[in-house]
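For reference, the structure is listed below as C-alpha coordinates.
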Amino acid sequence: MTPTLVRNLRDADPSAPADAGTRARDWAEIQERMLAPLYEAVYDRLEVGAATRMLSLGCGSGLALLIAAARGAQVTGVDSDRERLALARARLLPEEGAEGAPAHRARLHESGLPAGAGADGAPYGLITVFEPIGCAAGDSEGLVPALEAALPLAARGATVVLTGWGPPERCAT
(Lines give C-alpha, C1' and ligand atoms only; values in the text may rest on other atoms or scores of the structure.)
Protein backbone atom coordinates (compact mmCIF):
# COMPACT_ATOMS: atom_id res chain seq x y z
CA MET A 1 0.00 0.00 0.00
CA THR A 2 1.10 3.50 -0.68
CA PRO A 3 1.53 6.12 2.03
CA THR A 4 -1.66 7.74 0.73
CA LEU A 5 -3.67 4.85 2.12
CA VAL A 6 -1.87 4.58 5.42
CA ARG A 7 -2.04 7.82 7.32
CA ASN A 8 -0.74 8.59 10.76
CA LEU A 9 -4.09 9.09 12.47
CA ARG A 10 -2.51 10.14 15.74
CA ASP A 11 -1.24 13.38 14.19
CA ALA A 12 -4.07 13.92 11.70
CA ASP A 13 -6.67 16.62 12.16
CA PRO A 14 -10.01 14.83 11.61
CA SER A 15 -11.72 18.08 10.64
CA ALA A 16 -9.19 18.85 7.87
CA PRO A 17 -10.42 17.74 4.45
CA ALA A 18 -8.16 15.51 2.38
CA ASP A 19 -6.66 17.25 -0.63
CA ALA A 20 -8.06 16.45 -4.08
CA GLY A 21 -4.96 14.48 -5.10
CA THR A 22 -5.26 12.22 -2.08
CA ARG A 23 -8.96 11.58 -2.74
CA ALA A 24 -8.24 10.77 -6.39
CA ARG A 25 -5.44 8.35 -5.49
CA ASP A 26 -7.61 6.70 -2.82
CA TRP A 27 -10.36 6.23 -5.43
CA ALA A 28 -7.90 4.71 -7.90
CA GLU A 29 -6.27 2.37 -5.39
CA ILE A 30 -9.28 1.23 -3.40
CA GLN A 31 -12.53 1.62 -5.31
CA GLU A 32 -11.66 1.67 -8.99
CA ARG A 33 -9.98 -1.74 -9.10
CA MET A 34 -13.31 -3.27 -8.05
CA LEU A 35 -14.61 -2.23 -11.48
CA ALA A 36 -12.01 -4.18 -13.46
CA PRO A 37 -14.39 -7.18 -13.93
CA LEU A 38 -17.02 -4.81 -15.38
CA TYR A 39 -14.52 -3.33 -17.83
CA GLU A 40 -13.24 -6.78 -18.81
CA ALA A 41 -16.79 -8.10 -19.37
CA VAL A 42 -17.65 -5.17 -21.65
CA TYR A 43 -14.40 -5.51 -23.59
CA ASP A 44 -14.78 -9.29 -23.92
CA ARG A 45 -18.32 -8.91 -25.21
CA LEU A 46 -17.30 -6.25 -27.72
CA GLU A 47 -14.03 -7.97 -28.68
CA VAL A 48 -11.97 -4.86 -27.95
CA GLY A 49 -8.56 -5.16 -29.54
CA ALA A 50 -6.10 -3.58 -31.96
CA ALA A 51 -8.82 -2.52 -34.40
CA THR A 52 -10.74 -0.62 -31.68
CA ARG A 53 -10.81 3.18 -31.53
CA MET A 54 -12.34 4.05 -28.16
CA LEU A 55 -13.52 7.33 -26.62
CA SER A 56 -14.17 7.24 -22.89
CA LEU A 57 -16.30 10.04 -21.46
CA GLY A 58 -15.59 10.57 -17.77
CA CYS A 59 -12.48 8.39 -17.93
CA GLY A 60 -11.46 9.16 -14.34
CA SER A 61 -8.07 7.82 -13.34
CA GLY A 62 -7.86 5.69 -16.46
CA LEU A 63 -8.13 2.04 -15.43
CA ALA A 64 -10.74 1.29 -18.11
CA LEU A 65 -8.50 2.97 -20.68
CA LEU A 66 -5.46 1.08 -19.46
CA ILE A 67 -7.25 -2.27 -19.79
CA ALA A 68 -8.45 -1.41 -23.31
CA ALA A 69 -4.98 -0.16 -24.32
CA ALA A 70 -3.43 -3.38 -23.00
CA ARG A 71 -5.71 -5.21 -25.45
CA GLY A 72 -4.26 -3.06 -28.25
CA ALA A 73 -7.04 -0.47 -28.55
CA GLN A 74 -6.33 3.15 -29.38
CA VAL A 75 -7.92 5.06 -26.50
CA THR A 76 -8.94 8.64 -25.85
CA GLY A 77 -10.19 9.74 -22.45
CA VAL A 78 -12.00 12.88 -21.36
CA ASP A 79 -12.59 13.95 -17.77
CA SER A 80 -13.12 17.21 -15.92
CA ASP A 81 -11.46 16.05 -12.67
CA ARG A 82 -7.84 17.26 -12.92
CA GLU A 83 -6.53 15.00 -10.17
CA ARG A 84 -7.99 11.81 -11.62
CA LEU A 85 -6.83 12.81 -15.09
CA ALA A 86 -3.31 13.31 -13.72
CA LEU A 87 -3.39 9.71 -12.50
CA ALA A 88 -4.63 8.56 -15.91
CA ARG A 89 -1.73 10.42 -17.55
CA ALA A 90 0.76 8.74 -15.22
CA ARG A 91 -0.72 5.33 -16.07
CA LEU A 92 -1.12 5.76 -19.81
CA LEU A 93 1.50 8.30 -20.84
CA PRO A 94 4.67 7.50 -18.93
CA GLU A 95 7.75 9.58 -19.54
CA GLU A 96 9.33 8.76 -22.88
CA GLY A 97 12.24 6.43 -22.45
CA ALA A 98 11.16 5.37 -18.95
CA GLU A 99 12.32 1.85 -18.23
CA GLY A 100 9.53 -0.68 -18.75
CA ALA A 101 7.14 2.02 -20.01
CA PRO A 102 4.44 0.48 -22.21
CA ALA A 103 3.79 2.08 -25.57
CA HIS A 104 0.06 2.80 -25.27
CA ARG A 105 -1.77 4.59 -28.02
CA ALA A 106 -3.61 7.05 -25.78
CA ARG A 107 -4.79 10.64 -25.71
CA LEU A 108 -6.23 12.41 -22.67
CA HIS A 109 -8.25 15.63 -22.54
CA GLU A 110 -9.47 17.73 -19.66
CA SER A 111 -13.13 18.65 -20.02
CA GLY A 112 -13.90 19.23 -23.71
CA LEU A 113 -13.75 16.58 -26.38
CA PRO A 114 -10.79 16.28 -28.73
CA ALA A 115 -10.93 18.41 -31.86
CA GLY A 116 -10.90 15.40 -34.17
CA ALA A 117 -11.30 11.66 -34.19
CA GLY A 118 -8.70 9.19 -32.96
CA ALA A 119 -4.98 9.90 -33.13
CA ASP A 120 -4.79 8.18 -36.53
CA GLY A 121 -7.71 10.23 -37.89
CA ALA A 122 -10.16 7.32 -37.85
CA PRO A 123 -13.51 7.89 -36.14
CA TYR A 124 -14.28 6.19 -32.84
CA GLY A 125 -16.02 2.83 -33.09
CA LEU A 126 -16.67 2.62 -29.35
CA ILE A 127 -17.80 5.30 -26.91
CA THR A 128 -17.96 4.38 -23.23
CA VAL A 129 -19.43 6.00 -20.15
CA PHE A 130 -18.61 3.96 -17.04
CA GLU A 131 -20.44 6.01 -14.40
CA PRO A 132 -23.13 5.32 -11.83
CA ILE A 133 -26.09 7.26 -13.19
CA GLY A 134 -29.29 7.62 -11.24
CA CYS A 135 -27.71 7.24 -7.80
CA ALA A 136 -27.89 10.93 -6.90
CA ALA A 137 -30.03 13.82 -8.06
CA GLY A 138 -28.55 15.52 -11.11
CA ASP A 139 -25.76 13.01 -11.67
CA SER A 140 -26.71 12.53 -15.32
CA GLU A 141 -27.08 16.21 -16.27
CA GLY A 142 -23.89 16.34 -18.33
CA LEU A 143 -24.39 12.99 -20.05
CA VAL A 144 -26.66 14.02 -22.93
CA PRO A 145 -24.56 17.06 -23.95
CA ALA A 146 -21.38 14.95 -23.75
CA LEU A 147 -22.86 12.23 -25.94
CA GLU A 148 -24.21 14.79 -28.41
CA ALA A 149 -20.75 16.38 -28.64
CA ALA A 150 -19.15 12.96 -29.17
CA LEU A 151 -21.53 11.98 -31.99
CA PRO A 152 -19.60 13.76 -34.79
CA LEU A 153 -16.45 11.88 -33.72
CA ALA A 154 -18.10 8.46 -33.95
CA ALA A 155 -18.10 6.09 -36.88
CA ARG A 156 -21.44 5.24 -38.43
CA GLY A 157 -22.87 2.37 -36.38
CA ALA A 158 -20.47 2.93 -33.46
CA THR A 159 -21.21 1.14 -30.21
CA VAL A 160 -22.10 3.26 -27.18
CA VAL A 161 -21.77 1.66 -23.76
CA LEU A 162 -23.51 3.27 -20.78
CA THR A 163 -22.98 1.31 -17.63
CA GLY A 164 -22.74 1.94 -13.95
CA TRP A 165 -22.41 0.03 -10.74
CA GLY A 166 -24.23 -0.33 -7.49
CA PRO A 167 -27.51 -1.78 -6.28
CA PRO A 168 -29.93 -2.13 -9.23
CA GLU A 169 -32.63 -0.16 -7.45
CA ARG A 170 -30.29 2.87 -7.29
CA CYS A 171 -28.78 2.62 -10.79
CA ALA A 172 -30.89 3.90 -13.68
CA THR A 173 -28.50 2.52 -16.32
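The values are calculated or read from the model by the stated rules, or taken from the named source; none is laboratory data. On a predicted model such as this, the values are computed, not experimentally measured, just so you know. Positions of Cβ are backbone-derived with ideal geometry, glycine not excepted, and every protein chain shown enters the neighbour counts. To get the accessible areas, we keep the full protein, side chains included, count just its heavy atoms, and leave off ligands, DNA and RNA. Shrake-Rupley method; radii C 1.70, N 1.55, O 1.52, S 1.80 Å.
How much length would be gained if the chain were fully extended between ASP19 and SER111, taking 0.36 nm per residue of separation minus their Cα-Cα distance, in nm to one decimal? In short, 31.1 nm is gained. For segment 21-65, the per residue solvent-accessible surface stands at 46 Å², with DNA, RNA and ligands left out and a 1.4 Å probe. At R0 = 22 Å, how high is the FRET efficiency between ALA51 and GLN31 if r is their beta carbon distance? Nearest 0.05 is fine. According to the calculation, E is roughly 0.10.
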